[in-house]
Every structure is written in C-alpha cells, then in structure tokens.
Amino acid sequence: MPIPTPKVEIGFDLTEAPFSPFFTLDSATQGRLDNTEYTLGGVLFIDVTDFVKTIDISRGKTSQFTTFPAGQCDVGLNNHLRTFDPLYDLSPYAGNIVPRREIRVSSNGTVTFLGWIEDWDLDYQPDGDSVAVAKAYDTSYLFANQILAEHTPSEELTGARINSVLDRAEIGWPAVSRDIDPGTINMGTATVAAETNALNYLQNIAQSDPGYVFITRDGKFAFRDRRKAPTTSTLVEFGTGGIPIDSVQVVYGSEELYNDITLSRKDGSTVIALDTASINEYGARALTITNMQMANDADLVDIALGFASQFSQPEYRFEAINLSLQNKSVAVQNQVLGLEIGDVCKVSFTPNNIGPAIVRYVEVIRIEHQVDTLAHLVTLGFQETRYAPIVLDDAVFGKLDVGTLSW
C-alpha cells in the first residue's frame, strides 16, 4: 500500500501575484461577477504539496504530571528554484515567505496539524539540492504570550472556567475553535492577578480537576477532564487481534510512583496523603502540587487520596508503539490518523511470541508523524487509563477492576 496521501497548505496572500487565484477583470474564468470561486483577495490556503520532501510532527507529552508543550511541525520543501527564499523576488510566493503564516497538514484528508510558521530555515547546497524548512507551532505559543487582566472569577465547573477565560477580551478565542469537557470540580473565586500568564493559568485550572489542556490536531483549544468515559465499541486496538505494530516500548519502574502526596489549594488548605505500605516498600516518593484552584477542601482531599491510591505502586506501562502506515489499508490508515490526544486504545502484546499476551487499556498522550515520499511512520505515546469511570453495560469499562466509582 502507498503512504497516506499527504497535503500541505500554507496561508499566502497572493492578491498581487500574476497567477493569483482571485477575481481578475477581463478574465473569461476569473472575471465573472456572479462567481463564488474567485474572491477579491486576501489570505488563502495554497497547496504546496508538490514541493514537500519531509514532514515531521510532534504533539503531546511524555509523562503524567507535566503540561503539554506546543505541538511542532517541520515541513521540508524543495527549494531548488529559490521558491521559498524570502529574498527572491521572482518566487511565485514573493513577499509571503515570512513568519506567522498559517500552515495546515493533512493525510488522506484528515488534518494532522494546524499551526503557524515561526521560522524558515534555508539550506543551500553547492550542487543545488536545497531545502527550505518551514518550522511551525500550534497556537499554544500564542496563549503563552497572552496575559490576563486582574479579575475575580465566579465559582464554576472547570470547563466553564476555561471557557470564561477564553471569552475574556484579552483572549477572545472563537467558540467554534474549542473542544471543552465540562469538568468534574467547581473552581474557586481566588482573584487572578494582573499580568497572569494565560496559558499557565489555564494549565493550572486543568491540573486542579485534574485534567489537561492542549491544542487538537485541527487547531481547537481542548480540555479533557478525568471523567471522559471510553467505550469498548470505539476503541482502536493495536497488536494481537488489532492493527499490527512495528515495535513497542515498555517501562516498568518508579517513574510515576508517588506515595507521599502534598496538595495545597490557593487561599485554602494543605492536604497530605500517605501510602505507608508503599513507603515501607519503595521509600518515600513525594509529589507536591501548589495553588490548586478548586473551591472546596473536600475536593482537595479526594484528589490527594486518589493520587496516593493510583500512583503508589510501580507501573508496567506501554510507553509507546511505532507503526508504519505505508503497509496498511486505507481504512486502517484512517483509524490511526483519526486518533487524538485523550483517546483510549487497547494494546495487546505477546513478548517474543511467548504467551500469555499482555493487555493494557491506555490513553494517548503523544502523537508523532515522520513522513517522506516512501514512508509514513507514526509513534503513539501512552499513559494508563487510571481514572476511567464505570461505563454501565460496557464489556471492559463496566468491570470494577477496570473502571472506578470514585474517580
């Protein structure tokens, strides 16, 4: 099978270009007054796929208690004719090879990255084999440069608080570009200080649920709370009985072992939860989180006890899997391409084909793509589904040893 069909589009303003895709007086095709295809001008996504040599996308994080960094996408473009040289006036894109151009990357029609070009790196070789690399980031970096005015929020659920911040005049994030879960905990009314970093505050709110915020592959600001319920019918399965994988990375150890939990609420109490048996067995492993934003101490206690219960033992974890899409059917390719951070998957792996198989239900926290003309490699990074709630009548998540009633 061929690789998934790639497409790369960059937001160029070609109003003044001689071949512009806009309304043109006296043109038999582009000069009709009643046409809906040719606009008067402005920025449009222009397909540059014919120039593409490589695509590298990295989104997500590698561990439970870190925040999501900005997703990154590097697109290598054939620059033999100086097409993407900002100083070459004869380029069809002259005047547009500048930072802050929007870029959209798709495979088989599924968007895998939407963001903004921050840098153009040009590599000129003596033999003319020259490459321009468009280095782009998702809109997380825009929030990282926004500050909030002083204000006192109302008590509201986590999702409502995040929407309130996105609605503020300082941010003004469009409602159509959001994917916000409702949340499970009421956030408090602690005053937000002037010049508070918007992204840090939003991450702090999400952590207080606990959940997480990130930018989706198609550019939406997303919040996932810990109660998002998976269902067996929608699971993508990898390994034995599912989509074949090329390799798997397994971690067994104390990277995410915590048995001495200290949580503090902004303008409120501090709570300490200990798992004495774990401390006696593995030594004290401290986790401290400050300035949590929930409204009530009872929620602080519940989260501290939950952390002490969920993280007090070493974890056998499928950290990541690698798979090649060029040898998969289009249907399988589309299953993989459609995965998003926060989705739950089933991984079944039989080491060295010596049974029994090891089966884990995992949550996607990292997605990487490496694409060239011959191959499309995907890496999926996981964390355990520690908070999966009970789903009545579900074949997997309806079981008490998989789902949880308290979390």
Inter-label distance, nm, simple model (7 Å from Cα along the C-beta direction), Glu255/Asp74: 2.2 nm
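Work out, step by step, the length gained on full extension between Tyr88 and Ile358: first 0.36 nm times the residue separation, then minus their alpha carbon distance; give nm to one decimal.
Details: separation 270, 0.36 × 270 = 97.20 nm, distance 5.68 nm.
Computed gain between Tyr88 and Ile358 is 91.5 nm.
Using the Cα gyration tensor of the stretch 143-224, with a ≥ b ≥ c the square roots of its eigenvalues, what is the shape: rounded (a/c below 1.5), prolate (a/b larger than b/c) or oblate (neither)?
On the way: a/c = 1.63, a/b = 1.13, b/c = 1.44.
In terms of gyration-tensor shape, oblate.
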Nonlocal Lys pairs with alpha-carbon distance under 20 Å, the chain (8 or more apart, or different chains): 15
At q = 0.21, 0.22, 0.23, 0.24 Å⁻¹, what is the base-10 log of I(q)/I(0) for the stretch 117-167 according to the Debye formula with one equal point scatterer per Cα and no solvent? Please give it to two decimals. -0.87, -0.90, -0.94, -0.97
GluC sites (Glu not before Pro) within the stretch 59-153: which are DSSP loop residues with at most 12 other Cβ atoms inside 10 Å? Glu150
Return one number: the angle in degrees, 0 to 90 and rounded to the nearest 10, between the long axis of the Cα atoms of helix 198-207 and the longest principal axis of the Cα atoms of the chain. 40 degrees
Please state the relative contact order of the chain as a whole percent: Cα pairs under 8 Å, 6+ residues apart? 16 percent
Evaluated at q = 0.22, 0.32 Å⁻¹: base-10 log I(q)/I(0), Debye formula over Cα of the stretch 260-310: -0.71, -1.21
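Order 278-284, 163-169, 131-137 from most to least packed using the mean count of other Cβ atoms within 10 Å. Each step should come with its number before you reach the end.
On the way: 278-284: 13.7, 163-169: 15.9, 131-137: 21.0.
Listed from highest to lowest mean packing, they are 131-137, 163-169, 278-284.
Using a 10 Å cut-off on Cβ atoms, rank the peptides 45-56, 332-343 from the highest mean neighbour count down. Provide the component values of the computation, followed by the final result.
Details: 45-56: 16.1, 332-343: 18.8.
Final packing ranking: 332-343, 45-56.
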Can you give me the angle between helix 158-167 and the longest principal axis of the chain, using Cα atoms only, in degrees from 0 to 90, rounded to the nearest 10? 30 degrees
How high is the relative contact order of the stretch 260-310? Use alpha-carbon pairs under 8 Å, at least six apart in sequence, and give a whole percent. 48 percent
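For the chain, give the magnitude of the charge dipole about the Cα centre (Cβ charges: +1 Lys/Arg, -1 Asp/Glu; no others), in debye to the nearest 20.
Values: 29 positive and 53 negative charges, 139 e Å.
Its charge dipole is roughly 660 debye.
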Which shape class applies to the stretch 283-324: rounded if a/c is under 1.5, otherwise prolate when a/b exceeds b/c and oblate if not, where a ≥ b ≥ c are the square roots of the Cα gyration tensor eigenvalues? prolate
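Can you give the helix-only mean residue ellipticity at 222 nm for the chain, where every DSSP H stretch with n ≥ 4 adds -39500 (n - 2.57) and the sum goes over all residues, rounded to the nearest 500 deg cm²/dmol? Spell out each step's value before the answer.
Details: 6 runs with 54 residues, N = 407.
About -3500 deg cm²/dmol.
Expressed as a fraction of 2.2 N^0.38 Å, the rule-of-thumb size for a compact globular protein of N residues, what is the C-alpha radius of gyration of the chain?
Values: Rg = 24.3 Å, N = 407, 2.2 N^0.38 = 21.6 Å.
That ratio works out to 1.13.
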Skipping prolines and chain starts, which residues have an amide H placed within reach, meaning under 5 Å, of the one on Arg285, given they are 5 or more residues away or on another chain? Asn259, Asp260
For the stretch 98-192 (alpha-carbon point model, no solvent) the Debye-based log₁₀ I(q)/I(0) at q = 0.12, 0.14, 0.16, 0.25 Å⁻¹ works out to -0.59, -0.72, -0.85, -1.29
Exposure proxy ranking, count of Cβ atoms within 10 Å, fewest first, for Ile215, Ile117: Ile117, Ile215
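Where a number appears in this text, it was derived from the coordinates with a stated rule and is not lab data. All of these numbers come straight from a predicted model, not from anything done at the bench. Virtual Cβ from ideal backbone geometry, glycine too; neighbours counted across all protein chains shown.
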